[in-house]
Protein chains: 4
Amino acid sequence: MSGNSFGQAFRITTAGESHGPGNVVIIDGVPSGLPLSVEDLRIDLQRRKPGQSKIVTQRKEDDEPEILSGVFEGRTTGTSLAILIRNQDQRSKDYGNIKDLYRPGHADYSFDAKYGFRDYRGGGRSSARETTVRVAAGVVAKKLIQQAFGGQVVGYVSQVGDIRAEIADPASVTLQQVETLPDGEPNIVRCPDYAAAAKMIELIDACRMAQDSIGGAAHIVATGVPAGLGEPVFDKIKADLAKALFSLPAVLGVEYGIGFGCVTMRGSEHNDPFTSQSKADGSKQIVTRSNRHGGMLGGITTGMPIVLRTAVKPTSSLPLPQETVDRTGEPATVSTKGRHDPCLLPRFIPMAEAMVAIVIADHWLRWKGQYTSTEP
Amino acid sequence: MSGNSFGQAFRITTAGESHGPGNVVIIDGVPSGLPLSVEDLRIDLQRRKPGQSKIVTQRKEDDEPEILSGVFEGRTTGTSLAILIRNQDQRSKDYGNIKDLYRPGHADYSFDAKYGFRDYRGGGRSSARETTVRVAAGVVAKKLIQQAFGGQVVGYVSQVGDIRAEIADPASVTLQQVETLPDGEPNIVRCPDYAAAAKMIELIDACRMAQDSIGGAAHIVATGVPAGLGEPVFDKIKADLAKALFSLPAVLGVEYGIGFGCVTMRGSEHNDPFTSQSKADGSKQIVTRSNRHGGMLGGITTGMPIVLRTAVKPTSSLPLPQETVDRTGEPATVSTKGRHDPCLLPRFIPMAEAMVAIVIADHWLRWKGQYTSTEP
Amino acid sequence: MSGNSFGQAFRITTAGESHGPGNVVIIDGVPSGLPLSVEDLRIDLQRRKPGQSKIVTQRKEDDEPEILSGVFEGRTTGTSLAILIRNQDQRSKDYGNIKDLYRPGHADYSFDAKYGFRDYRGGGRSSARETTVRVAAGVVAKKLIQQAFGGQVVGYVSQVGDIRAEIADPASVTLQQVETLPDGEPNIVRCPDYAAAAKMIELIDACRMAQDSIGGAAHIVATGVPAGLGEPVFDKIKADLAKALFSLPAVLGVEYGIGFGCVTMRGSEHNDPFTSQSKADGSKQIVTRSNRHGGMLGGITTGMPIVLRTAVKPTSSLPLPQETVDRTGEPATVSTKGRHDPCLLPRFIPMAEAMVAIVIADHWLRWKGQYTSTEP
Amino acid sequence: MSGNSFGQAFRITTAGESHGPGNVVIIDGVPSGLPLSVEDLRIDLQRRKPGQSKIVTQRKEDDEPEILSGVFEGRTTGTSLAILIRNQDQRSKDYGNIKDLYRPGHADYSFDAKYGFRDYRGGGRSSARETTVRVAAGVVAKKLIQQAFGGQVVGYVSQVGDIRAEIADPASVTLQQVETLPDGEPNIVRCPDYAAAAKMIELIDACRMAQDSIGGAAHIVATGVPAGLGEPVFDKIKADLAKALFSLPAVLGVEYGIGFGCVTMRGSEHNDPFTSQSKADGSKQIVTRSNRHGGMLGGITTGMPIVLRTAVKPTSSLPLPQETVDRTGEPATVSTKGRHDPCLLPRFIPMAEAMVAIVIADHWLRWKGQYTSTEP
């Protein structure tokens, strides 16, 4: 009821605040026998980590995961799997000054309205710090869908401010392109259009120098997902994916396939015609000629790539002074000192990938449970 | 697990197909003592009904609700409330020709991939016919939030094709403006900018004449909602609202507040400054000067109007012949005869309002359950 | 939250009162392709029906089920399946006299304490009438487990008052023995020890003549259930079975295997030794030599028969005058006129079988969803 | 779906094995503002702890809880509350010999049947070690119901083998009586009939000396619970309490009120007559003259004490050699060396109290959510 769980067959439950002892996730429903190690978890945690480059927050966190349960001799046991990530850089004193102020764009006021008081240190439970353990759980989901049907989830930054990446086919972008530049250096903005990436970094840097922040957009693409996942009515997979992405901090919009572009289209130009391809075994695979439907029809996957786009607002924490009020409603000014992300997008990618992978893993397990005759 | 339920404290579970005996909803969690009659239910069912005007499908359905349980002597009992709406215009023979064809834009193929076979008559469970009972449940939710805190949910058509409504303040639009023209005639397109409305009707008519369809966008606004509703992590109210809207057929995108407009903004221009207003009793009410945050911060309501915008694709069913394949993958042509909506938007409004009201009712009951200051 | 749903993967949600228009169940999670007809449903509904013999209530109800959705051309579609059973014998006037009285042993007072008012006609939602649709859902569960792994659920009356049935092996009792006497006549008390059955009927008749009622016990046995169903911690299958049975009206106790008999036992005499049997294919089947564990260890099935025993209290409604109070707390006398069951056990059997079958179907679907390598 | 969560409004999710790094619980739904400290948690953890007396297992575990989240400045924040208890005495080597053997009475075989392999060290997830965090969560539930309405949950050992405690009124037993003898020494068997307690200790000791174990029964009583908690159909509070108790290891039977004693009773002697008492304010409190109904009618509390009785089997782990098979089905002998509880009952009491308190807290929050008379 308090919304700290997500998913049904693959279900995560989380706890933790920005400046408490740590964050923990319990993952319920992982099948037994999946190989899993702390090293696996580290990969995406490094991609999410503060301090990973000059364009993200310089807070220091090791984000070292500990598997508390659910793994025995290197494989999942099928019982609940808990992962703990302790907080380290807990400079609580930085936050004393905002104890009684409501930072614009933050959850301070709405938390007080809801709970009567709040852990004001770094946003407490409303901090994006809680996404560390989502990312850890996402690794487990990614491993599961990879093993089960070769599913892949790759996200990338497609826009920062006015700078848009030119990507002909979102489904062809690889993790390698997202993470690494052609010269082998890290692609710190995670945009696979390298010319755009360079401009994005410039823009982010300019915003940081101006003590300001900038918004952006991300694409998340899932490939290799079999047709038939999702439920016909409330748990349409598009609905669960949207909830997953909107549950992340700072997300103001989600669309899939042609998205808001459909508003001005006619049916005859919007519908994707079905056709078929020959498979290796001579049988026919039904596909669509185009993918304006973003891989989902009637809320159920079609086997075409799932393509999602998300709007992420500019960071609310600003060094610039901002007008606000205190708890009594008296006017005040607030500014956030140092260590904020001038643009949330680079670190948003692994969070969003994790949530998308969790939804797909969940719906795959749900499908397995109900479907009686055949395997994927 | 099969996704025919939605909500937690205010929870609806539905069943029914387009051409079966009828659709039914069980609403669980309605507090006892709420006045409720069949007449209440009819209001929004009339707004959703086929055949209500020349620009919607001409199928005939009475959509007469029967309350099967949960109401005694005109008031809800607190136990589960069931509403049945029988189907009447079940011309199944119209659908024999699509039994083995996959209509572009429809769930035919994905259903077959999921279930192995399907009720092909009118789309079966994937038909928008299932939304009748959502609308009925929405009436109950609307009554509950109206009685509890004066909450209101009003939706309107804000765009059809290239024609956009000019609405200065979405939160000021009234149900009266949405439903009725200044001359007292019905506002059949449900756009409160009457000049735009007239052009929208022309455009829809032109599409219908061309055997085609057209997309559009809707705004849904909730006012009077107290600050403090929503949960901090997965069940952010923005996430539940997005899931609610994406669970409706044909929705390809959802945004709230400034939405995708945030992508190009800086933090300093995006954040809504807090200020305060004097209330009647002399105390101060904390509000924001602007509402780019759409009434929700950190996934929790702020007391400002909740403003959502939704993209609705053009109707997939077209009289125009479309290229497709049959179940065996062989090329085929399909066209849908008569009785389709050339634009989904006018009838979409009550469906979307219902889903938004259900989410708010749900989160209000959840809030009541956890909040401590009132004792039994 | 309001507890009108049960199960997870095989999930039923019900609504309906004793004297409203009818009762309805929505079953979510039924796999597609299961043959199902109204005739199937009638079998157990006849076993539960009022008026079936001289020793049960003489109320008249046809209990004719209507399948509202989820079945197409004789097979389940995989979407939600709704069944409606209308009420017919709604003599509401019989209940005017108890409107303001609290009948001993009934839910009248606790309902008023909970909801502030109640549908007093026949107990409203607290009436055992709501079990009609549980029994209908139980038929679907029985068909599913029968088709999936040859599972069977058979219940019988093992005690009425002081009269105990002598049954050497509960797992050997057949539906035929429960329903039919050796001479082909109906076994109206549903006790497969026919000598005991005759005495039970005498005792029930004597209680009825005395305007009184009598308690009893039932055994419910599930055979053919594969090892491995159930979850290790909270959703132990013993826990879900106990909840299922305790959710039925009048159940005051549940035990399985040796049950309360374990209290005085030593471990060395209680533990069931493991052994193995050769299977047709030459492999070994692990079994236990005895079944004091009732088919479940660690909350998970072992493949041995599941054996449950339930205590059912004497009917609370009595023609005999009983001392009580009215809503204001003033002393009063209440007696229930006619048409009550002098003993609940004969009609309890199909209700209990239904709940047990639903739990097993649910855990089987859950097992299928999580288990990755093999089929049962 | 995998059953590692329990409750709805007050919901616990657990993870952890006997010999892994530790056990963790996430409690969701705790209202904000409840005072809570590590010291609070220690009280019941000490009552559950191994090594607390000569009649329980001599394994060494500090069972020191760490609150990972959800508490700020000594009060709960309303967000998810995580508690970690690390394992310390992890002598895994003790268990190498049972890796391929199926211990009678244990979950070894059913786990293998379910998951394909298992963490065999100390039973892994099937070990009663997982109850540490249930007990910690129970402390939070106890504090909540105490603060909200003065609710108390007290359990005691009422039978060990043939030795029964004589307790005139279960609802009058105090925690003091359960924990402490008249001379101030600890009441190590937790039986408030001190004469019986002495005999129980003798019997347990004799069983231990004989390398055997002994079963027993416990009473759990909740007082001060307001009328009106529980749901009418599936989530009857009796059903949720039964599930809670059956979810504990070794529980083979549960009854409430007169329990199985109802089987031989007539309605006229079974029903508890209603009467009324004057309250301090002059109004009337409706109560029953007797409490055969154990505080619940129609699955909803009546305000009378909730009285439950539970059968707990003799410990399955025995030093005595037992006949069994190995994973291949070959005959084998198994004996468990040292450090087992010869009788589970003394340490069972805090576990059972915890589960009962959690159910009551859950239903109280659920009641608050749906009840209408208090507005936000």
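A few points about this structure:
- None of A:241, A:248, A:308, A:320 is farther than 29 Å from residue B:341 by Cβ, aliphatic (A, V, I, L, M) and either at pLDDT 95 or above or touching a Phe, Trp or Tyr at 6+ places or on another chain (Cβ under 9 Å) (or both) except A:248.
- One residue alone among C:160, C:153 is of a type in the set (A, V, I, L, M) and under 15 Å from residue C:47 (Cβ atoms), and that residue is C:153.
- Residue within region B:364-372 that is under 30 Å from residue A:1 (Cα atoms) and under 12 Å from the mean Cα position of the chain (by Cα) present: no
- Residues of region D:19-43 that are within 16 Å of residue C:233 (Cβ to Cβ) and touching a residue at least 60 places away in the same chain (Cβ under 8 Å): D:20, D:22, D:23, D:24, D:25, D:27.
- Pairs are defined by a Cβ separation below 9 Å, a sequence spacing of at least 6 or placement on different chains, a first member in region C:278-304 that is more than 8 Å from chain D (Cβ to nearest Cβ) and in contact (Cβ under 8 Å) with a residue 60 or more places away in the chain, and a second member that is of a type in the set (Gly, Ala, Ser) and surrounded by 12 or more Cβ atoms within 10 Å (Cβ to Cβ); the pairs so defined are C:291/C:171; C:291/C:257; C:295/C:171; C:295/C:222; C:295/C:257; C:295/C:303.
- Within region D:305-327, the residues that satisfy the criterion of being under 27 Å from residue C:283 (Cα atoms) and in contact (Cβ under 8 Å) with a residue 60 or more places away in the chain are D:322, D:323, D:324, D:325, D:326, D:327.
- Selection of region D:19-57 for residues being polar (S, T, N, Q) and buried (at least 22 other Cβ atoms within 10 Å of the Cβ) yields only D:23.
- Among (1) polar (S, T, N, Q); (2) out of contact with any His (no Cβ under 9 Å at 6 or more places or on another chain); (3) closer than 24 Å to residue D:107 by Cα - the single one residue D:278 does not satisfy: (3)
- In this structure, residue A:53 does not qualify as farther than 26 Å from residue A:190 by Cα and either touching a His at 6+ places or on another chain (Cβ under 6 Å) or hydroxyl-bearing (Ser, Thr, Tyr) (or both).
- Whichever residue in region A:269-285 is among the small types (Gly, Ala, Ser) and part of a strand (DSSP E or B) and, among such residues, is surrounded by the most Cβ atoms within 10 Å (Cβ to Cβ): A:276
- Residues that are part of a loop (DSSP other than H, G, I, E, B), within 7 Å of chain B (Cβ to nearest Cβ), out of contact with any Leu (no Cβ under 7 Å at 6 or more places or on another chain) and not small (Gly, Ala, Ser) within region A:312-327 comprise A:314, A:318, A:320, listed in sequence order.
- Enumerated strands (runs of 3 or more DSSP E) restricted to region D:1-71, each holding at least 1 residues that are within 14 Å of chain C (Cβ to nearest Cβ) and of a type in the set (A, V, I, L, M): D:11-16, D:22-28
- Picking from residues in region B:307-335 that are polar (S, T, N, Q) and over 25 Å from the mean Cα position of the chain (by Cα), the one that is surrounded by the fewest Cβ atoms within 10 Å (Cβ to Cβ) is B:333.
- Looking only at region B:163-177, residues that are in contact (Cβ under 8 Å) with a residue 12 or more places away in the chain and surrounded by fewer than 20 Cβ atoms within 10 Å (Cβ to Cβ) come to 7 in all.
- Taken over region D:145-155, the criterion of being farther than 30 Å from residue C:301 by Cα, more than 9 Å from every other protein chain (Cβ to nearest Cβ) and in contact (Cβ under 8 Å) with a residue 60 or more places away in the chain is satisfied by D:145, D:150, D:151, D:152, D:153, D:154.
- Condition met for residue D:246 (closer than 24 Å to residue C:321 by Cβ, buried (at least 21 other Cβ atoms within 10 Å of the Cβ) and free of Cβ contacts under 8 Å to residues at least 24 places away in the same chain): no
- Hits in region B:111-137 (condition: free of Cβ contacts under 8 Å to residues at least 12 places away in the same chain and in a helix (DSSP H, G or I)): B:113, B:114, B:115
- Within region D:350-371, the residues that satisfy the criterion of being of a type outside the set (A, V, I, L, M), assigned to a helix (DSSP H, G or I) and within 8 Å of chain B (Cβ to nearest Cβ) are D:364, D:366, D:367, D:368, D:369, D:370.
- Matching entry among B:116, B:122, B:138, B:161 (being over 18 Å from residue B:326 (Cβ atoms), modelled with pLDDT under 95 and within 14 Å of chain A (Cβ to nearest Cβ)): B:122
- Residue in region A:233-242 that is free of Cβ contacts under 8 Å to residues at least 60 places away in the same chain and surrounded by fewer than 18 Cβ atoms within 10 Å (Cβ to Cβ) present: no
- Residue match in region B:53-67 (condition: over 30 Å from residue D:235 (Cα atoms), free of Cβ contacts under 8 Å to residues at least 12 places away in the same chain and of a type outside the set (S, T, N, Q)): no
- Only listed residue being more than 29 Å from residue A:329 (Cβ to Cβ), modelled with pLDDT of 95 or more and aliphatic (A, V, I, L, M), chosen from B:300, B:349: B:349
- Annotation note: of A:116, A:123, the sole residue that is closer than 25 Å to residue D:83 by Cα, surrounded by 24 or more Cβ atoms within 10 Å (Cβ to Cβ) and not acidic (Asp, Glu) is A:123.
- Any chance residue D:309 is basic (Lys, Arg), closer than 22 Å to residue D:171 by Cβ and assigned to a loop (DSSP other than H, G, I, E, B): no
- From the options D:339, D:347, residue that is of a type in the set (D, E, K, R), surrounded by fewer than 24 Cβ atoms within 10 Å (Cβ to Cβ), in contact (Cβ under 8 Å) with a residue 40 or more places away in the chain and in a helix (DSSP H, G or I): D:347
The values are calculated or read from the model by the stated rules, or taken from the named source; none is laboratory data. The structure presented is a predicted model; accordingly, all values stated were derived computationally and were not measured. Glycine gets a Cβ as well: all are built from the backbone with ideal geometry, and neighbour counts include every protein chain shown.
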